[in-house]
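Undergrad: Take a look at the following structure, please.
The values are calculated or read from the model by the stated rules, or taken from the named source; none is laboratory data. Here the structure is a predicted model, which is why all the values come from computation and not from measurement. As a convention, Cβ positions derive from the backbone with ideal geometry for all residues, glycine included, and neighbour counts pool all protein chains shown. For the accessible areas, the whole protein counts, side chains as well, though only heavy atoms, and no ligand, DNA or RNA atoms are used. Shrake-Rupley method; radii C 1.70, N 1.55, O 1.52, S 1.80 Å.
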Amino acid sequence: MREEPLSLRGETVRPLPRRNRRRRAGRVCAEDGCVTRLSIYNRSTFCWAHEPEHYYVARGRKKRAEAA
């Protein structure tokens with residue numbers, strides 16, 4: 001048998017990540033005349049072609065200006 005003690009290492013059990021929110025199945029684009037079916041994971045009421053334009057908002061730290 002072993003002379004040195006057996007050491008075990010492990011991690012604590014973590015909870016599972018939150019499930020994705022789902023929307024009602026069978027939704028269609030809200031644009032008049034558009035029959036595109038929306039995904040249950042798409043939270044918008046419009047398809048990609050009729051979605052209003054959104055501007056990207058940069059988050060995080062700004063890069064430092066390098067000394068010249």
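Undergrad: Scan the range 32-52 and report the pairs whose first residue is aromatic (Phe, Trp, Tyr) and whose second residue is open to solvent by less than 80 Å² (accessible area, probe 1.4 Å) and part of a loop (DSSP other than H, G, I, E, B), with Cβ atoms within less than 7 Å and a gap of 6+ or a chain change.
TA: If the second residue must be open to solvent by less than 80 Å² (accessible area, probe 1.4 Å) and part of a loop (DSSP other than H, G, I, E, B), the pairs left are Phe46/Cys29; Phe46/Ala30; Phe46/Glu31.
Undergrad: Next question, about the same structure. Filter the range 19-68 down to the residues that are of a type outside the set (Lys, Arg) and in contact with a Phe, Trp or Tyr (Cβ under 7 Å, 6 or more places away or on another chain), then identify the one that is least open to solvent (accessible area, probe 1.4 Å). Walk me through how you get there before you give the answer.
TA: As a first pass, look at the range 19-68 and keep what is of a type outside the set (Lys, Arg): 20, 25-26, 28-36, 38-42, 44-58, 60, 65-68.
If we keep only those that are in contact with a Phe, Trp or Tyr (Cβ under 7 Å, 6 or more places away or on another chain) too, we end up with 20, 29-31.
On the way: Asn20: 118, Cys29: 8, Ala30: 60, Glu31: 75 Å².
Result: Cys29.
Undergrad: Taking the stated definitions as given, is Gly10 open to solvent by less than 100 Å² (accessible area, probe 1.4 Å), out of contact with any strand residue (DSSP E or B) (no Cβ under 7 Å at 6 or more places or on another chain), at positive phi and without any contact (Cβ under 8 Å) to a residue 40 or more places away in the chain?
TA: Numbers: open to solvent by less than 100 Å² (accessible area, probe 1.4 Å): yes; out of contact with any strand residue (DSSP E or B) (no Cβ under 7 Å at 6 or more places or on another chain): yes; at positive phi: no; without any contact (Cβ under 8 Å) to a residue 40 or more places away in the chain: yes.
No.
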